[in-house]
1. Using Cβ contacts closer than 10 Å as the measure, can you line up Val35, Val59 from fewest to most?
2. 7 Å from Cα along Cα→Cβ at both Val239 and Leu175: what's the point-to-point distance in nm?
3. List the lysines whose Cα sits under 24 Å from the Cα of Lys215, skipping any in the same chain fewer than 8 residues away.
4. Setting aside same-chain residues fewer than 8 positions from Lys176, which aspartates and glutamates have a Cα under 18 Å from its Cα?
5. Work out the length of the dipole vector of the chain about its Cα centre, built from +1 on the beta-carbon of each Lys and Arg and -1 on the beta-carbon of each Asp and Glu, and round it to the nearest 20 debye.
6. Just rank Arg2, Arg214, Arg37, fewest to most, by other beta-carbon atoms within 10 angstrom.
7. Under 8 Å for C-alpha pairs, at least 6 residues apart: give me the relative contact order for region 5-223, rounded to a whole percent.
8. Considering the Cα positions of region 35-189, please state its Rg to one decimal place and its Dmax as a whole number of Å.
Amino acid sequence: MRWTIQQLKQYCQEGFLLVPNLLSVEEVAALNTDVPRLLTGEDSSMHREHEHSGAVRQVYNSHRHVPTFRNLARHPKIVEPVQQILQNSFYIWHSKLNVKEAFEGTVWLWHQDYGYWIYDGVDSKLMSVMIFLDPATLNNGCLMVISGSHSWGRLEHNSDTTTSYKQWCIHKSVLKEKVREAEIQQITGQPGDALFFDCNLVHSSNHNLSPIPRKSLIIAYNDIDNKPRPVEKPRPDWVVSRVFEEISWPE
Ligand SMILES: O=C(O)CCC(=O)C(=O)O
C-alpha cells in the first residue's frame, strides 16, 4: 500500500497524484449501495447542502455514520500514503460526498481548500483524497487542477454568491495573472480511482451537463499537531471536526 519514492516525488512536484483502481469493483459497489440512504436524508445527523434545483450537492461526514464509509476513511490503501505525505499522525478533518447529479450538478469555482481553511485557525498541513464513485468525464464535471499550483502558497480568495452555494474562490485578478489555459488538467477517471491532493492545489469543476451523475467522496485529513486554534467565528463541527481521533500507520 506504500507509495514508491517516484510516486511521492510526483505528488510533491505536482501537488496531486491520481491512483487508478485504488478500490476494487466490489469495494465501490458496497459504497454505492449505501449512497441512496445518504441522499434521502433519512439520517438527519448528516449535514446536507443542496443545489437551487433541490438536488443534493453534498453530504458531510458519512464516515461517522455508515460503516462502509467509516472503514474506507481508515483503509490502509488511503491512510498509508497519507501518513507518508503528512509524515505524522493525523485525524479526519471532514468527509463529504460530492454529488453532481446528471444535468443538475453545478460548478465549483477555482479555489484552494486552504483558501477557506486558513480561517479555521490551522496551518496548511492538510490534504484530501477524492475517491471516484462514478466515472468522472469531461462532460459530467470532472475535477480540473493546475499542476504545481500548491507551490504558489495560499492565494487571495473572496466570497462568491453567483452559484447555488456560497463559495470562496480565488480573486479573478489573481486567476488572470496565474492560470494559463494550457496548464489546466482535467482529471478524468473510473469508479475506484482516487486523487490525492494538497490543500493548496488550485482546483475547480464544471457543471454536469451529461446524463450520468458524478459522485465522489472527498476525505480531508489534518496533521494531529495542527488542531484548530481558537478563532473569532468557529465553523460547525460538520465542516471543522472536533473529533480528534488519531490515525497513524502502521497502527
Ligand atoms: O467536487 C468537485 O468537483 C470539487 C469539490 C471541491 O473543490 C470541494 O469540495 O472543495
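1. Numbers: Val35 21, Val59 27.
Sorted ascending by nearby Cβ count, the order is Val35, Val59.
2. So the two model labels end up 1.9 nm from each other.
3. Straight-line reach from Lys215, under 24 Å: Lys77, Lys96, Lys100, Lys166.
4. Of all the aspartates and glutamates, those that pass the test against Lys176 - Cα under 18 Å, at least 8 places apart if same chain - are Glu156, Asp160.
5. Details: 25 positive and 29 negative charges, 54 e Å.
Roughly 260 debye, rounded to the nearest 20.
6. Working: Arg2 11, Arg214 25, Arg37 15.
If I rank by nearby Cβ atoms, fewest first, I get Arg2, Arg37, Arg214.
7. Numbers: 470 pairs, mean separation 75.7, N = 219.
Relative contact order here is 35 percent.
8. In order Rg, Dmax, the Cα atoms of region 35-189 give 16.5, 46 Å.
Readers should treat all values here as calculations from the given coordinates under stated rules, not as data from a laboratory. Every value quoted in this text rests on a predicted model; they were computed, and no experiment measured them. Cβ atoms come from the backbone with ideal geometry, glycine included; neighbour counts cover every protein chain shown.
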